[in-house]
Structure formats: structure tokens, C-alpha cells
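Trainee: Right, I'll just put the structure down here and ask away after.
The values are calculated or read from the model by the stated rules, or taken from the named source; none is laboratory data. In this text, all values refer to a predicted model and were calculated from it rather than measured experimentally. Here Cβ is always computed from backbone atoms with ideal geometry, including for glycine, and neighbour counts include all displayed protein chains.
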């Protein structure tokens, strides 16, 4: 991390920590929720203690959907999030927290320049939000151990939850979001350090060097 003379104006964005992710609906597999869910609570507590506003996001699917059907137990926020205070609440119907919501306006009204993203799923709602935030020229931080993925199989192939999460971490760090642990993020909030974000060229150069060394 780099020292920063001007502390970032952060908001902690807690995306879709809903019960369907901990049951048969869409069970998060990697990292295990026994690790990520407590880290979500830790990040929220640290944000509150440091005066970082907390935005809680909840996804609502069309009525009758197999997951996130409003009013069902699976749609409800997990108690780790529901039991903690928040500064702003967003109900969304699309992956990105920005789409069809007041999120962009809230960010601007509160002078936010940095989004710290946690919650589920890494590759879907988290990624959509991270990419859009980067395109709005916001600083983005992503907590790799307070988020998670599940496995997929479809006509394009199969990928494990670990593969999906790992690859998205590498892609985020290459351009879109500084990837760090919950402990590292809490330290950055306390010290004012600015997490390091890589770039596509440097990331590719390292990969090519690794491939040459292995040849």
C-alpha cells in the first residue's frame, strides 16, 4: 500500500448478503461462508467505528423466481447484515448497484470518491458494480475474503467457484479494483494508506515472464 496525504472518502457497499446464498438457492462455495460472512460483519463494524458510511444492497427478482422472490425467507438479508446499522439502503433489480437506483446520486451528494465492495456474488453483482464504478472514475477496493462465488456449468463449459473467484480477483487487480483482505482494508481505513492497483501491461508482463521461466 502507498501512503496517502489525502484520505479517501469511502463508502462500504454491502451487496446482496441474502439468505438464498446460504441455503439451497444459490449456495456460495468459495471462499467458504464460514470465513466470508464473519468478515462482512467485521468490515461493517470497522466502517462504523471509522465513520465510513455503509450502504446495504438487497436484490429483488421478479415474483415467482426461484431465488430472491421478495418477501420469502431467501430474499431476506442475513442477520449478520440485517442486525447492523446502515447509512443507506438500496433495493435493486439488476446486477449493478447503479442500475435503476439512486446510488450514483447518493455518491455524488455525499462526496464519495472510493467504493469498498463486499458481498455476493463476486462474478455477478459485485463485478457489475466494480466495472461501472471504475468507468465513473471512482477508486474501487474489493475485499477478496468478504465476498464469494459459486460454480457454474452451461453450454460454454464448467468452472468451479474457486476458479471463478480467483480469476476475477486477478482481473479486478489488473485495472478495476484494488484487491485486499479484510484485515488489510481495515488497516488502510485506520492509517489512510492507499491500496495499490495494478495495470494491464504490468500484469501481462509478469505473466509472460512466468511463462518464459517455466518453459
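Trainee: Out of 209, 214, I need the residue that is modelled with pLDDT of 95 or more, more than 23 Å from residue 27 (Cβ to Cβ), more than 16 Å from the chain's Cα centre (by Cα) and loosely packed, with under 11 Cβ neighbours inside 10 Å. Which one?
Mentor: Selected residue: 209, the only one of 209, 214 that is modelled with pLDDT of 95 or more, more than 23 Å from residue 27 (Cβ to Cβ), more than 16 Å from the chain's Cα centre (by Cα) and loosely packed, with under 11 Cβ neighbours inside 10 Å.
Trainee: State which residue pairs qualify: first residue within 18 Å of residue 178 (Cβ to Cβ) and inside the stretch 197-215, second residue modelled with pLDDT of 95 or more and part of a helix (DSSP H, G or I) in any location, beta carbons under 6 Å apart, and separation of 6 or more residues or different chains.
Mentor: These pairs meet every condition: 198/173; 198/174; 200/174; 200/175; 203/174.
Trainee: Follow-up question, since we're still on this one. Taking the condition touching a residue at least 12 places away in the same chain (Cβ under 8 Å), in contact with a helix residue (DSSP H, G or I) (Cβ under 9 Å, 6 or more places away or on another chain), buried (at least 23 other Cβ atoms within 10 Å of the Cβ) and outside any strand (DSSP E or B), does residue 146 pass?
Mentor: no
Trainee: Checking the condition buried (at least 19 other Cβ atoms within 10 Å of the Cβ) and modelled with pLDDT under 95, which residue from 132, 194, 141 passes?
Mentor: Exactly one residue qualifies, and that residue is 194.
Trainee: What helices (runs of 4 or more DSSP H) lie completely within the stretch 152-215 and have 3 or more residues being touching a strand residue (DSSP E or B) at 6+ places or on another chain (Cβ under 6 Å) and within 23 Å of residue 133 (Cα to Cα)?
Mentor: Working: elements: 161-171, 182-191, 200-214.
Filter on the stretch 152-215 gives 161-171.
Trainee: Only one of these conditions is not met by residue 178: (1) surrounded by 20 or more Cβ atoms within 10 Å (Cβ to Cβ); (2) free of Cβ contacts under 8 Å to residues at least 60 places away in the same chain; (3) within 19 Å of residue 52 (Cβ to Cβ); (4) in contact with a helix residue (DSSP H, G or I) (Cβ under 6 Å, 6 or more places away or on another chain). Which number is it?
Mentor: (4)
Trainee: Next question. For the list (1) touching a residue at least 60 places away in the same chain (Cβ under 8 Å); (2) in a helix (DSSP H, G or I); (3) within 13 Å of the chain's Cα centre (by Cα), I need the number of the one condition that residue 127 fails.
Mentor: Of (1) touching a residue at least 60 places away in the same chain (Cβ under 8 Å); (2) in a helix (DSSP H, G or I); (3) within 13 Å of the chain's Cα centre (by Cα), only one is false for residue 127: (1).
Trainee: Working only within the stretch 151-165, note down all residues that are without any contact (Cβ under 8 Å) to a residue 60 or more places away in the chain and exposed (fewer than 15 other Cβ atoms within 10 Å of the Cβ).
Mentor: Within the stretch 151-165, 152, 153, 154, 155, 156, 157, 158, 163 meet the criteria.
Trainee: Let me ask another. So, residue 65, is that one more than 17 Å from residue 133 (Cβ to Cβ), surrounded by fewer than 19 Cβ atoms within 10 Å (Cβ to Cβ) and free of Cβ contacts under 8 Å to residues at least 40 places away in the same chain or not? Lay out the reasoning, then the answer.
Mentor: Details: more than 17 Å from residue 133 (Cβ to Cβ): yes; surrounded by fewer than 19 Cβ atoms within 10 Å (Cβ to Cβ): yes; free of Cβ contacts under 8 Å to residues at least 40 places away in the same chain: yes.
Spelling it out, residue 65 is indeed more than 17 Å from residue 133 (Cβ to Cβ), surrounded by fewer than 19 Cβ atoms within 10 Å (Cβ to Cβ) and free of Cβ contacts under 8 Å to residues at least 40 places away in the same chain.
Trainee: Right, another one. Show me the helices (runs of 4 or more DSSP H) found entirely inside the stretch 6-117 where at least 1 residues are more than 30 Å from residue 160 (Cα to Cα) and in contact with a helix residue (DSSP H, G or I) (Cβ under 8 Å, 6 or more places away or on another chain).
Mentor: 33-50
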